[in-house]
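The values are calculated or read from the model by the stated rules, or taken from the named source; none is laboratory data. As the structure is a computational prediction, the values presented were derived from the model and not from experiment. Ideal geometry is used to build each Cβ from the backbone, glycine not excepted, and the neighbour counts take in all protein chains shown.
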Amino acid sequence: MNPAIETTQLKDIVAHAKEYGFVFQSSEIYDGLQAVYDYGPNGVELKNNLKRLWWESMTQLHDNVVGIDAAIFMAPQTWEASGHVAGFNDPMIDNLDSKKRYRADVLLEDKAAEYERAGDPARGAALTAEMGRLLTENDLAGVRQLILDEKILCPVSGTGKWTEVRQFNLMFSTQGSSVDADAPPVYLRPETAQGIFVNFLNVQKSARMKIPFGIAQIGKAFRNEIVARQFIFRMREFEQMEMQFFIRPGTEMAWYETWKAARRRWHEALGLPAAKLRFHDHDKLAFYANAAVDIEYEFPFGFKEMEGIHSRTDYDLTQHQNLSRKKLQYFDNDLDPATGKAYGNYVPFVVETSVGADRLFLATLSNAFTEETITEGEGEAQQTKTRTFLKLHPAVAPIKAAIFPLVRKDGMPEKAQEIFDELRFDFRLVLEERDAIGKRYTRQDLIGTPFCIVVDGQTLEDNTVTVRHRDTREQTRMPIADLRAYIGEAVSFRRIFEKL
Ligand code: ATP
């Protein structure tokens with residue numbers, strides 16, 4: 001796959017994802033399209049479960065959050081107003097010897113991280129701050145000089161022969177009109193947020209929402225990333241789960257803190273360990289934001305952004321209002337205690353939560369990927385081996401249970417089929433008859449199935465089965481009649497939602 005994939009663990013995860021139907025390189029038979037990936041039969045289930053968890057926790061658990069599904073194409077003016085045409089750039093730099101292209105800011109960030117690892121965090125912080133200052137001032141020559149001063153070398157050629165730093169716009173565009181060759185290009189949206197902003201009044205009026213309220217959306221976004229590596233962490237086509245929360249000006253810091261805490265809780269409730277999550281305040285705020293933080297996850301290649309929480313002020317709505325000449329305001333008839341009068345008309349402020357479905361998927365998969373040494377058999381036959389399994393939360397596992405007749409005779413297959421036909425109304429299951437039972441367990445471990453249900457001789461006598469637990473390999477016997485409630489409890493979103 002991608003030659004730049006860095007760590008052994010990531011390599012294992014990439015290989016596992018391919019072999020067991022989670023993620024494939026796009027158009028692999030043509031050697032792939034860089035930084036574009038496809039989700040396989042198990043991957044799509046896992047991803048859909050993660051998206052459904054996000055969607056339901058946003059729209060079902062909050063009275064004041066509703067959803068939309070906006071188109072990927074939008075009027076070209078959208079991106080003028082949002083600032084993306086002029087400013088959605090990354091600074092790029094090429095190495096003259098290797099002809100490899102890099103993001104200038106990433107080279108510097110990596111250097112800063114190197115100082116941090118070497119026990120000199122102050123030097124790392126100073127470097128990041130200096131880079132932030134230069135980028136804010138758009139001093140690209142200064143950024144290049146900093147790279148030279150830091151003696152940063154190309155990891156491929158090992159030389160420090162660098163081109164100028166140039167800005168590169170990340171938006172993809174396509175022909176908008178089949179008849180007018182001069183028509184402006186239509187962009188593939190680089191974020192889902194703008195579909196929410198332009199629909200602000202449609203949603204507010206049709207759903208009769210009162211401020212504070214939120215609009216949630218899940219959808220594809222496209223960015224022509226300069227350096228696309230690290231598997232599905234940085235893709236050119238990816239999926240975002242964004243929620244824009246519209247609020248009264250002046251309340252943004254309180255809402256920012258509320259959502260910051262709520263989103264972190266959400267990741268923990270899903271089973272991502274607290275120690276692998278951290279907040280990272282932005283060193284360089286986007287021009288529209290007055291506060292911004294990333295929730296970072298410790299991926300196999302280090303702590304990196306998984307979700308962004310931004311206080312976007314009234315920037316986007318005001319920009320759209322100015323360019324479209326349509327009022328995007330809200331009449332707030334609540335009374336301001338300071339004046340005793342209604343707050344009246346205003347352009348709402350916005351706090352945004354934006355998480356990448358693919359980065360969440362990668363975090364979930366890396367966290368679940370487990371290798372343990374186990375001992376099997378007794379006496380002479382005893383052997384130790386490595387067991388690989390995915391310790392996925394049952395609520396997001398692609399398959400909830402596998403049903404196995406112990407042997408393919410004595411009425412066991414028929415009984416297994418009967419259980420399967422009954423439980424399939426509630427859960428995604430597999431029924432497997434072939435191969436030794438151990439092999440069948442292994443196959444399910446590798447895709448993270450939490451339960452394996454075995455029909456054996458005793459089943460035919462007393463209608464009980466054994467349930468084998470993926471994480472502990474322990475087996476419990478239970479009546480067939482209890483299976484639905486037992487599995488249902490383990491896989492329900494409810495247990496996650498209760499923690500929020
Ligand atoms: P980065 O600094 O890593 O490029 P960003 O700050 O540009 O990310 P945002 O614009 O805040 O990202 O987008 C919100 C979320 O969308 C990110 O937290 C991330 O999860 C996801 N995302 C952004 N770009 C990509 C990408 N190229 N591939 C996969 N997910 C992405």
Margin query: Just to be sure before I move on: is Ile309 over 18 Å from Glu252 (Cβ atoms) and within 12 Å of the ligand (Cβ to nearest atom) in the structure I sent?
Written below: no
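Go over the candidates Arg494, Arg484, Arg440 one by one and state the one that is closer than 29 Å to Met58 by Cβ, touching a residue at least 24 places away in the same chain (Cβ under 8 Å) and either surrounded by fewer than 17 Cβ atoms within 10 Å (Cβ to Cβ) or out of contact with any Ser or Thr (no Cβ under 9 Å at 6 or more places or on another chain) (or both). Can you show your working first?
Details: Arg494 fails: touching a residue at least 24 places away in the same chain (Cβ under 8 Å); Arg440 fails: closer than 29 Å to Met58 by Cβ.
When all the criteria are applied, what remains is Arg484.
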Going through (1) buried (at least 17 other Cβ atoms within 10 Å of the Cβ); (2) within 19 Å of the chain's Cα centre (by Cα); (3) more than 8 Å from the ligand (Cβ to nearest atom) one by one, Tyr288 fails only at (2)
Just to be sure, is Glu191 out of contact with any Gly (no Cβ under 7 Å at 6 or more places or on another chain), assigned by TED's automatic domain parsing to the domain that holds Ile72 and buried (at least 18 other Cβ atoms within 10 Å of the Cβ)? yes
Of the residues in segment 250-274 that are assigned to a helix (DSSP H, G or I) and among the hydroxyl-bearing types (Ser, Thr, Tyr), the one that is farthest from Ala395 (Cα to Cα) is Tyr256
- Query: Out of curiosity, is Thr442 modelled with pLDDT of 95 or more, under 17 Å from Tyr20 (Cβ atoms), polar (S, T, N, Q) and outside any helix (DSSP H, G or I)?
  - Reply: no
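Looking only at residues in segment 291-302 that are of a type in the set (Phe, Trp, Tyr) and under 15 Å from Gly356 (Cβ atoms), which one is surrounded by the most Cβ atoms within 10 Å (Cβ to Cβ)?
Tyr297
Would you be able to tell me the number of residues in segment 85-120 that are within 30 Å of Met74 (Cβ to Cβ), free of Cβ contacts under 8 Å to residues at least 40 places away in the same chain and hydrophobic (A, V, I, L, M, F, W, C)? Steps first, please.
Initially, segment 85-120 is screened for residues within 30 Å of Met74 (Cβ to Cβ), giving 85-92, 101, 103-106.
With free of Cβ contacts under 8 Å to residues at least 40 places away in the same chain added as a condition, the list becomes 86, 105.
Pick out the ones that are also hydrophobic (A, V, I, L, M, F, W, C) and you get 86.
Counting residues in segment 85-120 that are within 30 Å of Met74 (Cβ to Cβ), free of Cβ contacts under 8 Å to residues at least 40 places away in the same chain and hydrophobic (A, V, I, L, M, F, W, C) gives 1.
Please work out which residue is surrounded by the most Cβ atoms within 10 Å (Cβ to Cβ), limiting yourself to segment 407-437 and to residues that are of a type in the set (A, V, I, L, M) and part of a loop (DSSP other than H, G, I, E, B). Let's see the steps before the verdict.
Here is the first cut: in segment 407-437, the ones of a type in the set (A, V, I, L, M) are 407, 412, 416, 419, 423, 429-431, 436-437.
Going one step further and asking which of them are part of a loop (DSSP other than H, G, I, E, B), we end up with 407, 436.
Details: Val407: 13, Ala436: 8.
By that ranking, first place goes to Val407.
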All-but-one check, Ala395 against (1) of a type outside the set (S, T, N, Q); (2) more than 25 Å from Ile13 (Cβ to Cβ); (3) part of a loop (DSSP other than H, G, I, E, B), failing number (2)
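Looking only at segment 461-500, count every residue that is more than 36 Å from the chain's Cα centre (by Cα), among the hydrophobic types (A, V, I, L, M, F, W, C) and within 16 Å of Phe420 (Cβ to Cβ) and tell me the total.
First, the residues of segment 461-500 that are more than 36 Å from the chain's Cα centre (by Cα): 461-465, 477-481.
The next check asks that each one be among the hydrophobic types (A, V, I, L, M, F, W, C); those that pass are 465, 478, 480-481.
Filter once more, so that each one left must be within 16 Å of Phe420 (Cβ to Cβ): 465, 480-481.
Selection size over segment 461-500: 3.
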Selection from segment 221-238 of residues outside any helix (DSSP H, G or I) and touching a Phe, Trp or Tyr at 6+ places or on another chain (Cβ under 7 Å) yields Ala221, Phe222, Asn224, Ile226, Val227, Gln230, Met235, Arg236, Glu237
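With within 11 Å of the ligand (Cβ to nearest atom) and more than 23 Å from Arg101 (Cα to Cα) as the only criterion, which of Ala221, Ala193 stands out?
Working: Ala221 fails: more than 23 Å from Arg101 (Cα to Cα).
None of the other options fit; the residue is Ala193.
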Reported set for segment 353-377 where residues are assigned to a strand (DSSP E or B) and within 16 Å of the ligand (Cβ to nearest atom) is Thr353, Ser354, Val355, Gly356
Within segment 231-262, residues touching a Leu at 6+ places or on another chain (Cβ under 9 Å) and near the ligand (Cβ under 9 Å from one of its atoms) come out as Ile232, Phe233, Arg236, Glu237, Met241
